[in-house]
Amino acid sequence: MKFGIMASHQYPHGDDLGRHLSDLFGTVELAAELGYDSVWTINHFQSNLATPQPISMLASLIPRSGDMLLGTGILLLPMFHPVHIAEEFATLDHLSGGRVVLGVGAGYRDNEFAAFGIDPQSRFRRFDESLRLIRALWSGESVTRDGEFYPQTGATIGVRPLTPGGPPIWIGAGGKKAVRRAARLGDAWYAPGNSPSRRFLPEHLAVYDEALAEYGRDPASVQRPVGVELYCAPSTEQAVEEALPHARAEYATYAEYPALRWQRDRFDELVRNTLLLGSPEFLVERITALRDLGFDHLIFRPGWLGMPTDRLRASLRLFATEVFPAFRTT
C-alpha cells in the first residue's frame, strides 16, 4: 500500500497566499522525509477559494518532494488544449526525472465551462479526443487526424517525454459510464473515496473490472488509487474534535456549487461512512477494508480550511509512525 497527500492549495480569498504556500511547501518537504509516496495538486478556475494553478504548483514541488510521485489530482482536461498538456507534461516528466502523473477529469462546475465558452455537453467528447491526441503526441511520431475539436496535420511534440510513451494517465471518475471510460482510456481509475454511500466503491470497482476485461486489460495489472479525507490523532475522539469543524467548513464551501450541494445535505453520512478521522487503530481498520477491496494507493487531504499547520503536520507524523507499518513490509 502506498500513501500520498493532496497539496490542498485552496485558501480563502484575501488570505496571505505567500504564507499559505510557504506552509504547504514545508508540509510537502516533511511528507517526503516521512516516506510518503506521492503528492497531488488541484485544478479549478474562477473558484470561490483562491486556488493556484496545478501545473505551476507541480513545477514548484519538484525540488521539494524528494522521490515522491507528483501528479494532478485532477486536471480539468476539457478546459485545456491537448497540445498544451502534452507539451507541459512532457516537460514536467523531464524536470521531475520521470516522477509525474497526468491525473485528469471532465469537470462539473458550470461557471468553469462558461468561462472558457465550452458547452458542458461536449466535455466527454473533448475529453476522449484530448487523451487520444496526447498519447499520440507523446509517441514522438507525426500526428495527423481529423478531430472534432483538435484537428492536427503533421504535428509533432516539441519535447518528447522522458518516460517512454509518456507519463501515466489516471482518470478521476464518479459515474459508471465515466468509470468505464477510465478503463478504456486511462492507466488507472482514480477513485473518489468520499461518497456518502458505502456501496459506491465496491459497485463501481465491479464496473471498472468488468470494463477492463472487456477492453482486454488484466485487472491485476493496473494501479488502484483512491482519494479519501483523513486525519490521525492519538484517539478517535480527539481526531473528530480537531478535524471535523474544518472539514465541515470546507465541504460547505464546495456545496455552494449546485453539483456538490449534496455534500452539505448529506455531510453527516460522509462523516459516518467515509471520512477517516480517527486513531491509528481506527485508521488501520478502515484502510484494511480499502486494501481488501483492491486499492493500493491511498491519497488524502492532510488538512482543511483554517486548520493550523502544526496540527495537520502532527497528523502526518503520527500516521507515518503508527499506520505505515501495518501496510508496508520491511
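The values are calculated or read from the model by the stated rules, or taken from the named source; none is laboratory data. Here the structure is a predicted model, which is why all the values come from computation and not from measurement. Note: ideal-geometry Cβ built from the backbone for every residue, glycine included; neighbour counts use all protein chains shown. SASA here: full protein model, heavy atoms, side chains in, ligands and nucleic acids out. Shrake-Rupley method; radii C 1.70, N 1.55, O 1.52, S 1.80 Å.
In this structure, Leu70 does not satisfy being under 14 Å from the mean Cα position of the chain (by Cα), within 24 Å of Asp110 (Cα to Cα) and crowded, with 21+ Cβ neighbours inside 10 Å. When Pro280, Pro308 are checked against the criterion of being surrounded by 17 or more Cβ atoms within 10 Å (Cβ to Cβ), of a type outside the set (D, E, K, R), modelled with pLDDT of 90 or more and more than 30 Å from Leu102 (Cβ to Cβ), Pro280 stands alone in meeting it.
The single condition among (1) hydroxyl-bearing (Ser, Thr, Tyr); (2) in contact (Cβ under 8 Å) with a residue 40 or more places away in the chain; (3) surrounded by fewer than 21 Cβ atoms within 10 Å (Cβ to Cβ) that Tyr231 does not satisfy is (3).
Residues are listed down the side, and each one gets a yes or a no for (1) over 19 Å from the mean Cα position of the chain (by Cα); (2) of a type outside the set (A, V, I, L, M, F, W, C); (3) within 21 Å of Phe300 (Cα to Cα); (4) open to solvent by less than 20 Å² (accessible area, probe 1.4 Å):
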site	(1), (2), (3), (4)
Gly174	no, yes, yes, no
Ala183	no, no, no, yes
Ala188	no, no, yes, yes
Pro202	yes, yes, yes, no
Leu205	no, no, yes, yes
Tyr208	no, yes, no, yes
Ala213	yes, no, no, no
Arg217	yes, yes, no, no
Ala220	yes, no, no, no
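A single entry from Ile62, Ile85 fulfils the requirement of being among the β-branched types (Val, Ile, Thr), in a helix (DSSP H, G or I) and open to solvent by 10 Å² or more (accessible area, probe 1.4 Å): Ile62. Taking Phe124, is it within 19 Å of the chain's Cα centre (by Cα) and at pLDDT 95 or above? Taking the combined requirement at face value, the residue satisfies it. Can you find, within the range 200-242, the residue that is nearest to Thr41 (Cα to Cα) among those that are hydroxyl-bearing (Ser, Thr, Tyr) and not in a helix (DSSP H, G or I)? The extreme case among them is Tyr231.
One residue stands out among those in the range 1-21 that are out of contact with any helix residue (DSSP H, G or I) (no Cβ under 6 Å at 6 or more places or on another chain) and in a strand (DSSP E or B): the one that is most open to solvent (accessible area, probe 1.4 Å), which is Lys2. In this structure, is Leu34 within 22 Å of Met307 (Cα to Cα), surrounded by fewer than 20 Cβ atoms within 10 Å (Cβ to Cβ) and aliphatic (A, V, I, L, M)? So Leu34 fits the description; yes.
Checking each residue in the range 283-305 for being of a type in the set (Val, Ile, Thr) and either surrounded by fewer than 17 Cβ atoms within 10 Å (Cβ to Cβ) or part of a helix (DSSP H, G or I) (or both) picks out Val284, Ile287, Thr288. Taking the listed residues Arg160, Arg199, Arg181, the one that is of a type in the set (Lys, Arg) and closer than 24 Å to Leu276 by Cβ is Arg199, with no other qualifying. Among the conditions (1) open to solvent by 20 Å² or more (accessible area, probe 1.4 Å); (2) part of a helix (DSSP H, G or I); (3) not small (Gly, Ala, Ser), Arg160 misses just one, which is (2). The set of residues from the range 111-123 being under 16 Å from Leu75 (Cβ atoms) and either free of Cβ contacts under 8 Å to residues at least 24 places away in the same chain or surrounded by 15 or more Cβ atoms within 10 Å (Cβ to Cβ) (or both) comprises Glu112, Phe113, Ile118, Arg123.
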